[in-house]
Amino acid sequence: MNELEFGGKTKEPDVRMLRDMDDVLYDQDWARSAENLELYYMYRDLYLSRRDGDLFAEQGIRYDITIIPPLILGCEYVKTAGHYHPKVPGQDLTYPEVYEVLEGEATYLLQKEDLSDVVVVRARAGDKVVVPPDYGHITINDSNKRLKMANFVAREFSSIYGPIKERGGGAYFLTEDGFVENPRCEDAAPLREIEVPKTKALGLSKNREIYPIGRERGKLDWLVRPQDYGEIFGGFLD
């Protein structure tokens, strides 16, 4: 039922279940009595042709699609578990990532691990949202429509879920009444909302999907070698 046709093949998703999210939900009273539910679907390492797959692998990048149906988890909007990325080997900054909204609407919560900056970006179909180095992120579907988004990311690392899980979620929860502070993140900076950051300097535009950019060798090198793009990433979310 939740299979995805891509590149002439049927892909099965990794499914994030409600019980996988118990530690990061706002409405714990609701969660304790709720039945286990399928929350969202992750289709990883996609490519339209074997040539594309080989080219992505050679560049060290991976293309994924995530689908998040509209749901309310008690009084909180459905969201991803949230994670950080590890540091680039030999560098003092973490890997970035780029998301593209294909259908629906997304609210991205971006936060530094020390919570010295917490940013909200609201995106619609065609928008590209870059998670810059040193930020973790959570995606929220607070609409009444299915959210379908794609991403490119460096393929040679595993996401880090621990810091968000240990604090019981992100610095803020998005509920039906708006954003609510996480009481276990008392040291978090005030939440600030910004427009979708400009990404032209990274070779991205609203009217072009990110998938074909991955076919242009080197165009997404900033995902793998962000240390070479410090001038672009400096103040990226200002």
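Observations
- For region 5-31, the tally of residues that are closer than 23 Å to I72 by Cβ and either modelled with pLDDT under 95 or not charged (D, E, K, R) (or both) stands at 11.
So that you can scan it fast, the table gives a plain yes or no per residue for (1) within 29 Å of R62 (Cα to Cα); (2) more than 14 Å from the chain's Cα centre (by Cα):
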site	(1), (2)
N141	yes, no
F152	yes, no
G169	yes, yes
P190	no, yes
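- Exactly one residue out of D52, D22 is over 24 Å from P163 (Cα atoms) and of a type outside the set (F, W, Y): that is D52.
- Every listed requirement among (1) touching a residue at least 40 places away in the same chain (Cβ under 8 Å); (2) more than 18 Å from Y43 (Cα to Cα); (3) within 14 Å of the chain's Cα centre (by Cα) is met by Y108 save one, (1).
- Taken over region 79-109, the criterion of being more than 24 Å from N207 (Cβ to Cβ), part of a strand (DSSP E or B) and open to solvent by less than 30 Å² (accessible area, probe 1.4 Å) is satisfied by K79, H83, Y84, T94, L109.
- Unique residue being touching a Ser or Thr at 6+ places or on another chain (Cβ under 7 Å), of a type in the set (S, T, N, Q) and under 21 Å from F152 (Cα atoms) when the list is T10, T66, T80, T94: T80
- Residue in region 136-147 that is of a type in the set (K, R), in contact (Cβ under 8 Å) with a residue 24 or more places away in the chain and part of a loop (DSSP other than H, G, I, E, B) present: yes
- For the condition β-branched (V, I, T), at pLDDT 95 or above and closer than 30 Å to G218 by Cβ, T107 does not qualify.
- Among the residues of region 24-32, none qualifies, meaning not one is part of a strand (DSSP E or B) and of a type in the set (K, R).
- Region 1-46, residues that are open to solvent by less than 70 Å² (accessible area, probe 1.4 Å), in contact (Cβ under 8 Å) with a residue 40 or more places away in the chain and among the hydroxyl-bearing types (S, T, Y): Y40
- Contacts under 7 angstrom Cβ, first residue in region 213-227 being more than 18 Å from D52 (Cα to Cα), partner part of a helix (DSSP H, G or I) and at pLDDT 95 or above, 6 or more apart: W222/L202; W222/Y229; P226/F233
- Members of region 138-148 found to be crowded, with 23+ Cβ neighbours inside 10 Å and in contact with an Asp or Glu (Cβ under 8 Å, 6 or more places away or on another chain), listed by number: N141, L147
The values are calculated or read from the model by the stated rules, or taken from the named source; none is laboratory data. Quantities reported herein were computed from a predicted structural model and do not represent experimental measurements. All Cβ positions, glycine included, derive from the backbone under ideal geometry; neighbour counts span all protein chains shown. Ligands, DNA and RNA are excluded from the accessible area calculation, which covers all protein heavy atoms including side chains. Shrake-Rupley method; radii C 1.70, N 1.55, O 1.52, S 1.80 Å.
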